[in-house]
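Each remark here refers to the structure printed beneath this line.
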Amino acid sequence: MTSSSTSAPANTTGPGGTTLVYGKGSGSQPGHTLRVYADLRCPFCKRVERGLGPVMEKLAEEGRVTLEYQFATFIDDGAGGTGSLCALSAVGAASDVGAATAQRYIRALFASQPAEDDDAFADTGVLLRLAEEVEGLRGPDFDRKVTEGFYLPWARRVSAAFESSGVTGTPTVLLDGRPVTVINPMGYAVTPEAFLAELNLD
C-alpha cells in the first residue's frame, strides 16, 4: 500500500490531490466549476450545506457543474483542537469508498457538527459512529484509515492549499472563479431560488 504521507484519496484533483471532486460537468453546458471552500467545524458552512448542499449536489449529478471542495482547518487554530483535520482525514477515507458516499458523509458530519468550541470530531469514535449513517461506508478499510489517521498528511496538504488560495474565510463559493452569494445579511444561507438565479446556468 502507498505510504499515507504521499497518498491522496480517490476522486481528488489538483497538486497533491488537495481538491475533492464530485460530478463530471458533462451536461448541456459542460465546463462549469462550482468551487466550495469550507471548514467542517464552521457553523456558517453547516448552514450553507443544509440549505444549498443538496442543490449543488443535484447540479453536479445533472452534469451542469463539476463540484469541487477545498477544505480548510483554521477553526482548529482559532478554537483549539484537531477536529477539522481529523474529520477531513475521514472524508478522504470516505472518498476512497466512492464520490457519492463522500458527499453523504460530508452531509452527515455537518448535520452532527458540534459547537465550534467542542473538538468532538477529533474523536475517531465519533467519526466512525457518524459513518454508520451512510449506507455502505463502514468497512475494514475505511475504519482502519480513520482509526490510524491514514489521510492526516493529505488533510494537512489540503489545509495548506487553502491557506495559499487567497480565500480568507468560509463558506466561500465560486462559479468559474466568480464569487456567488451563499450567506444572507442575517448570517443564514440564501434560498435555493436566489442561489440558482445568481448562478444563471440556464
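The values are calculated or read from the model by the stated rules, or taken from the named source; none is laboratory data. Predicted model only: the values in this text are computed from it and were never measured. Positions of Cβ are generated from backbone atoms using ideal geometry, with glycine treated the same way; all protein chains shown enter the neighbour counts. The accessibility values were calculated without ligands, DNA or RNA, using every heavy atom of the protein model including side chains. Shrake-Rupley method; radii C 1.70, N 1.55, O 1.52, S 1.80 Å.
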TODO: Could you list which residues have their amide H under 5 Å from that of Ile183, counting only those 5 or more apart in sequence or on another chain, with H placed in the peptide plane?
DONE: Val190
TODO: Name the long-range amide H neighbours of Lys24: under 5 Å, sequence gap of 5 or more, or other chain; modelled H, no Pro or chain starts.
DONE: Gly63
- [ ] Mind running the shape call on segment 14-116? Use the C-alpha gyration tensor, a ≥ b ≥ c as the square roots of the eigenvalues: rounded below 1.5 for a/c, prolate if a/b tops b/c, oblate otherwise.
- [x] prolate
- [ ] Pop out the carbon and sulfur fraction of the accessible area of segment 34-86 as a percent, whole number, probe 1.4 Å.
- [x] 53 percent
- [ ] Amide H neighbours of Thr18 under 5 Å, at least 5 residues apart or on other chains, H built in the peptide plane: list them.
- [x] Thr13
Open item on the list: Could you sort the peptides 74-84, 176-186, 33-43 by per-residue average Cβ neighbour count (10 Å cutoff), highest mean leading?
Closed with: 33-43, 74-84, 176-186
Open item on the list: For a bin width of 10 Å, list the pair-distance distribution of segment 147-198 built from all Cα-Cα distances, rounded to whole %.
Closed with: 20, 36, 26, 17, 1
Open item on the list: Looking at the chain as a GNM with Cα springs under 10 Å, which of Leu67, Leu152, Leu174 has the largest mean-square fluctuation?
Closed with: Leu174
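Let me know the Kirkwood hydrodynamic radius for segment 115-202, please, with Cα pairs as the basis and the value in Å to one decimal. Write down the numbers at each step before the final one.
Values: mean 1/r = 0.0607 Å⁻¹.
Taking the inverse mean of 1/r over all distinct Cα pairs, segment 115-202 comes out at 16.5 Å.
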Task: Antiparallel content of DSSP bridges confined to segment 19-172, in %, to 5 - done: 35 percent
TODO: First measure r as the distance between the Cβ atoms of Tyr188 and Asp141, then evaluate 1/(1 + (r/R0)^6) with R0 = 41 Å and state the FRET efficiency to the nearest 0.05.
DONE: 0.60
Task: Binned Cα-Cα distance frequencies in the chain - 5 Å width, integer % - done: 1, 8, 17, 21, 22, 17, 10, 4, 1, 0
Task: In Å, descending, principal axis extents of the Cα set of segment 81-145 - done: 30, 21, 16
Open item on the list: If I measure Cβ to Cβ between cysteines in the chain, which ones have no partner under 4.7 Å?
Closed with: Cys86
Task: Distance-filtered residues of segment 65-98 - backbone nitrogen under 20 Å, label point 7 angstrom along Leu128 Cα→Cβ - done: 82-98
Task: Under Karplus coefficients 6.51, -1.76 and 1.60, residue-wise ³J(HN,Hα) of segment 10-21 in Hz, glycine/proline x - done: 5, 6, 10, 8, x, x, x, x, 8, 10, 8, 10
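Net charge near Leu137: determine it from the other residues with C-beta under 15 Å of the C-beta of Leu137, scoring Lys and Arg +1 and Asp and Glu -1.
0
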Task: Distance between segment 114-147 and segment 73-110 - C-alpha centres, whole angstrom - done: 9 Å
Open item on the list: I want to verify a result. In a Gaussian network model of the chain, Cα cutoff 10 Å, which of these has the top mean-square fluctuation: Glu61, Glu116, Glu135?
Closed with: Glu135
